[in-house]
Every structure is written in C-alpha cells, then in structure tokens.
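See below for the structure under consideration.
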DNA sequence: GAGTGGTCTAGACCACGCC
DNA sequence: GCGTGGTCTAGACCACTCC
C-alpha cells in the first residue's frame with residue numbers, strides 16, 4: 001500500500017522549500033505546471049498544497065498564486081507545538097527525555113474520570129504520575145488516566161519508556177483527535193518538590209482528552225511545567 | 001456570488017447534528033446517499049464532512065462510516081478557543097465587551113517590532129494598550145502593535161469599539177493566518193493595577209503574530225489575563 | 001462479498017487580481 | 001483579456017471493516 005500521491009507531492013514541495021529551491025515570499029509554479037511535472041492531476045496538487053497551507057509553509061491568494069511563507073520571527077526556545085500526537089520523546093528529539101514513575105495504581109474511576117473517559121464505575125483505570133526529564137533536568141509532571149480495557153498490560157517498564165510507542169506499535173492503535181486546554185495556575189506540592197517551583201512561580205498546565213481513531217477515549221491527562229520552561233504554540237489559517 | 005455548495009452542505013449537516021436529528025456516536029447516512037439527497041457529487045459531500053471533522057463535530061472510520069462526535073465533557077467557563085479570527089466582542093458574545101484605551105501612540109518601531117512586522121525602521125507603528133472589560137469587569141490587557149501603512153487612520157473612537165470591525169469592513173481586509181504562543185508569567189504593574197492581580201497570581205499570556213490574506217503582517221500583540229479568568233482550548237485531528 | 005470512506009482523473013466553469 | 005486558484009462533476013478503483 002503505497003503512500004497517497006498528494007502526500008508524496010506535498011513532501012517533495014516541502015523538501016524544495018526547505019532546501020531553498022523555492023524562496024520565501026516568492027511564487028510557486030502554478031498548480032497546472034506542478035501537476036504536469038509530477039504526472040498527477042491538478043486536484044492532487046491542490047490537495048498537497050492545501051496541506052502545506054494548513055501547516056503554514058505556504059499561503060495562497062486566489063488570482064495570484066501560491067507563495068512560500070517567510071520564517072516566523074517570534075520563535076522561542078521553550079515553544080512546544082500544541083498540536084502534537086506523538087510521545088514527548090519524539091516531540092523533543094530522540095533520547096533526550098527520561099521518565100520517573102512517581103505513582104502507578106489501578107483504581108475504579110471517580111465520577112469525573114468516568115465522565116471524561118466514558119466509563120462505567122466498575123471499569124478500572126490506571127492512575128499514573130510521571131516526572132519527565134529533559135536532558136536529565138526535570139521539566140514536566142504528567143498526571144494520566146487511561147482505561148485498562150483499552151490499554152491492557154501497562155507496566156512500569158513501559159511507563160519509564162514510551163507509552164505512546166506501546167499503544168502505537170504493540171497495541172496497533174492510533175490516536176485520532178484531542179481536545180486540549182491550556183491554563184496557568186499556582187504551584188502545588190509536587191511542582192515544588194519535583195520541579196523546584198518557588199511558591200510564587202506560575203505553572204503552565206496542558207489538560208487534554210485524547211480519542212483513538214475508532215472514537216474511544218484513551219487518555220485524560222494534565223501536564224504541568226514551570227512558567228519559564230515551556231510555552232505552547234498554535235498556527236491557524238483562517239481559510240479552513 | 002453564492003456560497004460554495006460544500007459549505008452549504010456542511011451547514012445543513014451541522015444543523016442536523018445540533019438539532020438532534022443525527023445522534024452522538026451514531027452513523028451519518030453514507031456519502032453517496034447524502035450526495036443524492038443534496039443533489040451534489042460525492043466529493044462535495046466529502047469536502048463538507050472533512051470540514052466538520054476538522055472542527056470535531058464528526059469522526060470517520062474508513063470502512064465503517066462517519067460518526068457524530070459526543071459532546072466534550074471537560075468544557076470550562078473560562079475556555080476560549082485558541083483559533084479565533086474575530087474580535088473579542090464577537091468571540092465572547094455581542095455587546096459584552098467594552099474597552100478602555102490606556103495608551104495610544106505612534107512610534108518608529110523597535111528592532112524587535114521591525115522584525116516581527118517586517119518593517120523598515122522609518123515605517124511607524126501604532127503602540128496600543130487597551131484594557132478589555134467583560135460585562136464591565138476587567139479581564140484582559142492587550143498590548144498591540146500595528147503598521148500604520150497597513151491600518152491607516154486609527155483613532156481612539158475605533159479603538160474603544162472594534163479594531164477588527166474597522167479592518168474587516170471599513171478597510172476591506174481579511175485576516176489570513178496567525179502564529180500564537182501561550183505562556184504563563186508573573187504579574188507586572190499593569191496587571192496588578194488594572195486586573196487586580198495579587199503578586200503571586202499567575203498570568204496567562206497569548207502572544208500572537210497575525211497576517212492578512214495577502215501575506216502582510218498586520219498585528220503583533222500580547223494579551224494578558226489573570227489565571228482564574230481565562231484558558232485557551234485547541235481541538236486537533238490527527239488525520240490532517 | 002457488500003458497504004463504507006479514501007484517492008485520483010479529465011474536464012469544465014467560475015471568481016479574483018492584474019494589465 | 002489572461003492567468004491564477006476555487007469549485008464541481010461523473011466515474012473509477014482501492015483499502016478497510018464486518019459478515
């Protein structure tokens with residue numbers, strides 16, 4: 001099963017942008033020309049470019065053409081895309097993230113967790129707290145709830161490595177969608193102890209509910225970081 | 001110039017979901033059936049449904065069909081979508097937002113602002129600080145920079161109403177894309193004075209760079225709220 | 001095998017920005 | 001008027017899920 005053509009075309013155009021073959025704020029070849037070059041229909045080229053536009057690599061003006069986006073000038077070191085669907089380790093760069101399991105139990109879900117994960121009160125969940133370290137430095141505390149029936153046979157071995165990898169490769173499941181909330185709050189005891197937050201250090205929290213592609217809720221979690229170690233970014237296009 | 005068919009179809013399907021004609025976690029009619037009903041091609045129906053899927057109203061499983069999403073159980077009162085492109089007033093509900101202009105000058109841009117808004121050092125910008133009130137209660141301080149050449153003739157009258165409306169309707173310009181960063185920080189003097197933030201109250205900040213559809217940077221701004229009055233939400237679909 | 005959504009094509013017409 | 005991207009169609013084939 002080969003990759004879809006529009007994905008391949010998108011990858012090739014992306015490569016050309018990254019390599020400098022197409023320059024910032026300059027026009028791409030028109031869709032008909034690209035279609036001929038790649039030996040595909042115009043619609044396939046449009047689909048490829050639409051994907052790149054959603055990600056912010058190009059922007060279009062009807063009547064004029066498709067332009068390569070200039071680099072965004074306000075990038076920061078603490079930036080983390082708020083639209084990831086991978087584990088922290090792949091997100092931050094392989095091998096930089098390690099984990100320390102602070103809490104790992106199986107419990108019947110509270111009414112709130114029942115609601116969030118669409119569970120009956122006799123369907124147990126894992127209750128997991130992990131300290132995640134980046135290059136050995138503590139930087140996130142993750143509190144995660146997952147249904148046992150959806151993610152069976154979790155153990156500390158998996159938790160200290162990558163739960164994402166386990167779900168994806170061993171269970172062969174795929175994340176479908178996520179609802180995320182970003183908020184600020186005051187530090188709690190765990191923040192102070194493990195992230196060395198001072199009493200007046202603001203905390204940044206990402207709360208999320210994640211579903212599999214088949215519609216099953218698979219994770220409810222909140223991740224807390226010190227205000228000076230993390231920020232979340234979103235790119236939005238008004239045309240979609 | 002009528003609205004595109006796929007938009008109309010999407011609106012009709014959305015209406016049916018909202019009205020309860022299609023139920024949560026149940027299948028929609030298949031695309032062929034909907035295409036016949038609406039008198040359009042299947043691709044047009046697919047395009048409509050894709051849009052709804054991106055917004056989270058439905059989810060699809062190849063081989064099975066399209067399901068209506070169940071309501072998200074973790075909504076909160078302070079939630080604000082992080083993907084808006086409207087003014088605060090339309091975002092929060094008409095007429096609830098008022099504004100107090102704390103600062104309004106025209107200046108040559110600092111090197112940082114030059115970079116963010118792609119300006120030469122002799123191209124002036126507005127430097128605007130506004131206190132936004134919701135139902136009369138202070139809840140956001142917005143610090144905004146906009147190029148004078150792109151948004152001419154701004155005045156306090158417009159600032160106290162809706163800059164968005166002015167840009168959109170009077171200048172006939174349209175926002176195209178935005179890069180946003182969400183972060184936590186300690187309160188500054190303005191936060192303490194106008195938002196009544198205590199010294200240890202965390203602040204939530206949204207920093208953003210906005211472009212018009214023609215690629216021109218039009219706004220660099222940061223908006224600060226007290227941690228207990230605001231949170232930002234994102235919905236993501238892994239398929240796009 | 002039947003039914004679903006995903007992809008792809010060739011061709012057409014339209015709206016938009018510019019000259 | 002010309003060239004661009006946006007929309008739309010009819011028809012085809014494929015991959016996936018369930019029976």
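The values are calculated or read from the model by the stated rules, or taken from the named source; none is laboratory data. Predicted model, so just to flag it, every value in this text is computed and none were measured. FYI the Cβ positions are ideal-geometry reconstructions off the backbone, even for glycines, and counts take in every protein chain you see.
Just a few scattered comments:
- Subset of segment A:1-55 that is more than 15 Å from DNA strand C (Cβ to nearest atom) and free of Cβ contacts under 8 Å to residues at least 24 places away in the same chain - its residue that is farthest from residue A:82 (Cα to Cα): A:29
- Those helices (runs of 4 or more DSSP H) of segment A:1-76 in which at least 3 residues are within 27 Å of residue B:220 (Cβ to Cβ), at pLDDT 95 or above and within 15 Å of DNA strand D (Cβ to nearest atom), considering only elements entirely within it, cover A:42-55.
- Qualifying residues in segment B:56-66 (those that are surrounded by 20 or more Cβ atoms within 10 Å (Cβ to Cβ) and more than 8 Å from DNA strand C (Cβ to nearest atom)) - the one farthest from the other protein chains (Cβ to nearest Cβ): B:58
- Entry remark, segment B:169-185: residues being touching a strand residue (DSSP E or B) at 6+ places or on another chain (Cβ under 8 Å) and over 21 Å from residue A:206 (Cα atoms) number 5 in total.
- Residues of segment B:93-107 satisfying the condition of being buried (at least 17 other Cβ atoms within 10 Å of the Cβ) and modelled with pLDDT under 85: none
- Single condition residue A:203 does not satisfy, out of (1) within 17 Å of the chain's Cα centre (by Cα); (2) closer than 23 Å to residue B:82 by Cα: (1)
- For segment B:68-76, the criterion of a residue being free of Cβ contacts under 8 Å to residues at least 12 places away in the same chain, more than 16 Å from DNA strand C (Cβ to nearest atom), in contact with a helix residue (DSSP H, G or I) (Cβ under 9 Å, 6 or more places away or on another chain) and over 30 Å from residue B:191 (Cβ atoms) is satisfied by at least one position.
- Any hit, segment B:204-211, residues being within 16 Å of DNA strand D (Cβ to nearest atom), touching a strand residue (DSSP E or B) at 6+ places or on another chain (Cβ under 9 Å), touching a residue at least 40 places away in the same chain (Cβ under 8 Å) and assigned to a strand (DSSP E or B): no
- Filtered residue count, segment B:77-107, keeping only those that are within 11 Å of chain A (Cβ to nearest Cβ), under 30 Å from residue B:25 (Cβ atoms) and not in a strand (DSSP E or B): 4
- Which numbered condition residue A:90 misses (of (1) surrounded by fewer than 17 Cβ atoms within 10 Å (Cβ to Cβ); (2) modelled with pLDDT of 95 or more; (3) closer than 19 Å to residue A:167 by Cα): (2)
- Scan of segment A:216-236 for residues that are surrounded by fewer than 20 Cβ atoms within 10 Å (Cβ to Cβ) and facing chain B (nearest Cβ under 7 Å), ordered by number: A:235
- Of B:10, B:35, all but one fail to be more than 14 Å from residue A:215 (Cα to Cα) and under 22 Å from the mean Cα position of the chain (by Cα); the exception is B:10.
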